[in-house]
Amino acid sequence: MKNFEGVKVLNNKALHRITYGLYIVTSQKGDRFNGQIANTVFQISNAPPTIAVSINKQNLTHEFIKESGIFAVSVLSQEAPLSLVGHFGFKSGREVDKLAGIESKPTPAGLPYVTDSTLAWMEAKLSAEADAGTHTIFIGQLTGAEVLKEGLPMTYAFYQQVKRGTVPKTAPTYTPKEEKTADMDKYVCNICGYVYDPEQGDPDSGIQPGTPFDKLPDDWQCPVCGAGKEEFTKENK
Ligand code: FE
């Protein structure tokens, strides 16, 4: 056993170098269903096929998986709109039926998997769980799985860097930004943290690049969580 007492370096930014995907995890309690976004789905073993997901204990999906002992995973494609991620990621199943109005089909055990903007689904039966403080790691053996279509799965980095429209400085296509005028300020959503960048616009909602925040239509909504313009404040420089 190594002695860690001498360790003096703990840079949390190292954690940002871990890569993730983006998934919708669904489960049920009685005849109610719920789903949420998770980035921590991963395969543990191939014989038998086993996956795991880490879910916050405060989430309704956590309660549902505990109750039913089954969960399903829908793998998001890169084409998934921000609004779909926002719907499952920034709303609580305690307030809205998150599956209502969403295109879905049942897995063999009857859990909904999302068919819109997804590449594959999996259904798993709980085989073990690990208490991890704020989260529980649910481990499940696959009881069903299917590929829905070809395409690239959404990664967390793609969601953050590309869907938001910015390009990392390390990218070959990166060009330094010019001095900005006042009306090209970025605005931050107070609810979910999404940043509206006028240089990028909001192509999913038909907002062209170069549209200042105050020129957005009055009914424009945060593409991630659906909040109105009044929930936005100018980004601090
Ligand atoms: Fe938002």
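The values are calculated or read from the model by the stated rules, or taken from the named source; none is laboratory data. Computed from a predicted structure; not experimentally measured. Every residue, glycine among them, receives a Cβ derived from its backbone with ideal geometry; neighbour counts consider all protein chains shown. The accessibility values were calculated without ligands, DNA or RNA, using every heavy atom of the protein model including side chains. Shrake-Rupley method; radii C 1.70, N 1.55, O 1.52, S 1.80 Å.
Tell me, yes or no, whether the range 88-95 has at least one residue that is more than 17 Å from the chain's Cα centre (by Cα) and assigned to a loop (DSSP other than H, G, I, E, B). Don't jump to the end; show me each part of the working.
Narrowing the range 88-95 to residues more than 17 Å from the chain's Cα centre (by Cα): 94-95.
Next, from what is left, pick out any that are assigned to a loop (DSSP other than H, G, I, E, B): 94-95.
Scanning the range 88-95 turns up at least one residue that is more than 17 Å from the chain's Cα centre (by Cα) and assigned to a loop (DSSP other than H, G, I, E, B).
Check Leu15 against each of (1) at pLDDT below 90; (2) in a helix (DSSP H, G or I); (3) surrounded by 15 or more Cβ atoms within 10 Å (Cβ to Cβ) and name the one condition it does not meet.
Among (1) at pLDDT below 90; (2) in a helix (DSSP H, G or I); (3) surrounded by 15 or more Cβ atoms within 10 Å (Cβ to Cβ), the lone unmet condition for Leu15 is (3).
Regarding Val162, is this residue surrounded by 15 or more Cβ atoms within 10 Å (Cβ to Cβ) and either more than 16 Å from the ligand (Cβ to nearest atom) or at pLDDT below 90 (or both)? Spell out the reasoning first.
Details: surrounded by 15 or more Cβ atoms within 10 Å (Cβ to Cβ): yes; either more than 16 Å from the ligand (Cβ to nearest atom) or at pLDDT below 90 (or both): yes.
Criteria met by Val162.
Among the residues of the range 216-233, which ones are touching a helix residue (DSSP H, G or I) at 6+ places or on another chain (Cβ under 8 Å) and surrounded by fewer than 16 Cβ atoms within 10 Å (Cβ to Cβ)?
Hit for the range 216-233 is Asp218, nothing else.
I need a count of the residues in the range 186-222 that are within 21 Å of Ser117 (Cβ to Cβ) and in a loop (DSSP other than H, G, I, E, B). Step through it out loud before you land on a result.
Narrowing the range 186-222 to residues within 21 Å of Ser117 (Cβ to Cβ): 192, 194, 200-207, 221-222.
Keeping just the survivors that are in a loop (DSSP other than H, G, I, E, B) gives 192, 194, 200-201, 206, 222.
Within the range 186-222, residues that are within 21 Å of Ser117 (Cβ to Cβ) and in a loop (DSSP other than H, G, I, E, B) number 6.
For Asn34, only one of the following conditions fails: (1) at pLDDT below 95; (2) within 27 Å of Gly228 (Cβ to Cβ). What is its number?
That leaves (1) as the condition not met.
Among the residues in the range 62-74, are any aromatic (Phe, Trp, Tyr) and either touching a Lys or Arg at 6+ places or on another chain (Cβ under 8 Å) or within 19 Å of Thr155 (Cα to Cα) (or both)? Before the answer, list the steps.
To start, the set of residues in the range 62-74 that are aromatic (Phe, Trp, Tyr) comprises 64, 71.
Next, from what is left, pick out any that are either touching a Lys or Arg at 6+ places or on another chain (Cβ under 8 Å) or within 19 Å of Thr155 (Cα to Cα) (or both): 64.
Yes, because at least one residue in the range 62-74 is aromatic (Phe, Trp, Tyr) and either touching a Lys or Arg at 6+ places or on another chain (Cβ under 8 Å) or within 19 Å of Thr155 (Cα to Cα) (or both).
Determine if the range 59-70 includes at least one residue that is farther than 28 Å from Pro203 by Cβ, away from the ligand (no atom under 16 Å from the Cβ) and in a strand (DSSP E or B).
Taking the range 59-70 as the starting set, the residues that turn out to be farther than 28 Å from Pro203 by Cβ are 59-70.
Pick out the ones that are also away from the ligand (no atom under 16 Å from the Cβ) and you get 59-70.
Checking the rest, the ones that are also in a strand (DSSP E or B) come to 70.
Within the range 59-70 (the criterion being farther than 28 Å from Pro203 by Cβ, away from the ligand (no atom under 16 Å from the Cβ) and in a strand (DSSP E or B)), the answer is yes, since at least one residue qualifies.
I want to confirm something. Restricting to the range 48-104 and keeping residues that are open to solvent by less than 30 Å² (accessible area, probe 1.4 Å) and among the polar types (S, T, N, Q), which single residue is nearest to Lys29 (Cα to Cα)?
Only one residue tops the list, namely Thr61.
Given the residues Ala227, Ala145, which is the only one that is within 13 Å of the ligand (Cβ to nearest atom), among the small types (Gly, Ala, Ser) and at pLDDT 90 or above? Spell out how you get there, then give the answer.
Working: Ala145 fails: within 13 Å of the ligand (Cβ to nearest atom).
When all the criteria are applied, what remains is Ala227.
Name the residue that is farthest from Cys189 (Cα to Cα), counting only residues in the range 105-123 that are surrounded by fewer than 22 Cβ atoms within 10 Å (Cβ to Cβ) and charged (D, E, K, R).
Lys105
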